Amino acid sequence: MVSRPAPASAALPPMTADDAPPGFDAFGRAVLEDVRDAVFLTDADGVLRWANPAARTLTGGAEPRLHPLAETSGHVEVAGNRRPARIRALPGGWHAWTVPAEDVPQRHVGDFLAEAGPRLAAARGRHGTARVIAELAASALAETVFVLLPTTRGRWEWWSCERPSAHGHGRIRRVPAQVAPVLAATFATTGKPELAPVPAPELATLPPVVADRFAGHAEVAVVSLGPNAGAGVTGALLLGRRADPDFGAEQGRAVAEFARAAGTALVNAQRYARQEEATRGLETTLRPVDPPELDGARFETWYEPAGGVLAVGGDFFDVLAHDDGSAFLVLGDICGKGAEAAALTGRVRHALTALAMVERDGRTLLRLLNELLIAGGSSRFATLVLGSARPSDGGVELTLASGGHPAPLIVRAAGVVEEVTVPGTLVGISPQARFAEAQVRLERGDVCLLYTDGITEARNRHDQTELFGDDRLRAVLATAAGQPAREVVRRLRQAVRDWLGSSAHDDIAVLAVECSD
């Protein structure tokens, strides 16, 4: 008899009915999954084809080598260590190599916790964290695991895992404390997690979706997942074992330390969820909305904030329709980026929205905003271009005022790119700031582009010292002359993204106005 090691991958795929030993059905495999002896199966050619969980624990992921000494005995060698094995002939030339449990080293608590830690830390959200807790517990602490967390309307939400990897999730009614005192005490625990056996009568009071899964288990116990009373999370981990514990006398410590780590992960998940909810709420109020429809004019936008926690930044735009068929429009850039810039962006947008309801003159709006920012004591400033768009006689009349912002560009249908010169100082720096206004007319097919310096200051992916620049911007726009605003913006977006590659960039905002009559 000759034995050969597993293939170089060292991964043993599940056997199908066609390539398994004769008579090795699902029942036989399930039985071997639960025995504490390490069992290896080799085929008629001596190739290692399968190993039960105890055998996989023995190898620890290393490639085992099986050395026969006689027809019924041999050694299993793992990383230079040999353990005696019994060899039993099976039908079809297969053999079973069994290393008795007393020769299989028990799992170390520290190793298990070291493996569990990164997975718990990487889990996201309440659902994802509870699922990972169930998976990890089922891999080492029990054959059947339920994670129970309280939810609304007197119910528990549960996540389950059974070896090897059967998952479940749902909600059940809470069981009153008077009929389930062990569970009730576990949910109320605020101290060190301790494993407590669940009596069979109490287990029977649980809804069948839970109770039935623990039928036939030698022991069912529960441990708290609530690390402290003020953490905002309390939960319980139900563990059902059919065989001896993987960690022997250290099982209680393994469960307690894992429960503490799992409870901390749940606290972090809930805190992270609250932060995400707050972030989404903030983003909802700060993120620009799509421009309204306007007879005779179309608006196209591109908004791409710099990467960060918030999906908003210091660049912004707004288009607000008036009852007379015109629209107020603004595009701006708050100095800086991140949460502080986003917060000031919100203040500026809300202030301009309110002011634009009672004031139409762009220079007056910029003057009032300048006074507001200075009075607010912020050290940040803004650059803006704002004004009105009014369809008239087959064209669109634009009135634009600027506060230190890059000059708007007009892409004429005939192929010319014009600059709208609108002088003005930065907003929020000096009480003596001065602002000017300019008027321009768009004919059919013309497009006016308002943009922030995230375009011109985009850095080349190959040479970070080279900027996209004004000339390149004009060249791209010239290629789109005569095209609708959507195509103009699409070409500009593609050109800038090709220029950036995967490089980081500043906030980008673009607002294009097209005469569509």
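The values are calculated or read from the model by the stated rules, or taken from the named source; none is laboratory data. Quick caveat: nothing in here was measured; it's all calculated off a predicted structure. Don't worry about glycine lacking a Cβ; one is built from the backbone with ideal geometry, like all the others, and counts go over all protein chains shown.
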Practice item. Would you check if there is a residue in the stretch 110-125 being at pLDDT 90 or above, in contact with a strand residue (DSSP E or B) (Cβ under 7 Å, 6 or more places away or on another chain) and buried (at least 19 other Cβ atoms within 10 Å of the Cβ)? Key: no
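From the residues in the stretch 378-393 that are small (Gly, Ala, Ser) and outside any loop (DSSP other than H, G, I, E, B), which one is surrounded by the fewest Cβ atoms within 10 Å (Cβ to Cβ)? Break it down stepwise before answering.
Here is the first cut: in the stretch 378-393, the residues small (Gly, Ala, Ser) are 378-379, 382, 387-389, 392.
Filter once more, so that each one left must be outside any loop (DSSP other than H, G, I, E, B): 382, 387-389, 392.
On the way: Ala382: 26, Gly387: 27, Ser388: 20, Ala389: 27, Ser392: 13.
So, considering only residues that are small (Gly, Ala, Ser) and outside any loop (DSSP other than H, G, I, E, B), the one surrounded by the fewest Cβ atoms within 10 Å (Cβ to Cβ) is Ser392.
Taking Glu418, is it over 17 Å from Leu477 (Cα atoms) and either in contact with a His (Cβ under 8 Å, 6 or more places away or on another chain) or in a strand (DSSP E or B) (or both)?
Details: over 17 Å from Leu477 (Cα atoms): no; either in contact with a His (Cβ under 8 Å, 6 or more places away or on another chain) or in a strand (DSSP E or B) (or both): yes.
No, not satisfied.
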Practice item. Considering only the stretch 392-440, state which residues are of a type in the set (D, E, K, R) and within 19 Å of Leu369 (Cβ to Cβ). Key: Arg434, Glu437
Check your understanding: Does the stretch 195-226 hold any residues that are among the small types (Gly, Ala, Ser), surrounded by fewer than 20 Cβ atoms within 10 Å (Cβ to Cβ) and either closer than 22 Å to Ala249 by Cα or not assigned by TED's automatic domain parsing to the domain that holds Gln270 (or both), and which are they?
Key -> Ala196, Ala218
Practice item. Quickly run through the stretch 157-181 and pick out the residues that are under 25 Å from the mean Cα position of the chain (by Cα) and hydrophobic (A, V, I, L, M, F, W, C). Key: Trp158, Trp159, Cys161, Ala166
Check your understanding: Which of (1) among the β-branched types (Val, Ile, Thr); (2) over 26 Å from the mean Cα position of the chain (by Cα); (3) within 15 Å of Gly235 (Cα to Cα) does Thr205 not meet, given it meets every other one?
Key -> (3)
Study note, to complete from the structure: Counting only residues in the stretch 173-216 that are among the polar types (S, T, N, Q) and modelled with pLDDT of 90 or more, the one nearest to Trp158 (Cα to Cα) is identified as Thr205
Review point. From Glu466, Glu397, which residue is of a type in the set (Asp, Glu), surrounded by 15 or more Cβ atoms within 10 Å (Cβ to Cβ), out of contact with any Gly (no Cβ under 9 Å at 6 or more places or on another chain) and farther than 17 Å from Asp315 by Cβ?
Key: Glu397
Review point. Given (1) in a helix (DSSP H, G or I); (2) in contact with a strand residue (DSSP E or B) (Cβ under 7 Å, 6 or more places away or on another chain); (3) aliphatic (A, V, I, L, M), where does Val396 come up short, assuming only one miss?
Key: (1)
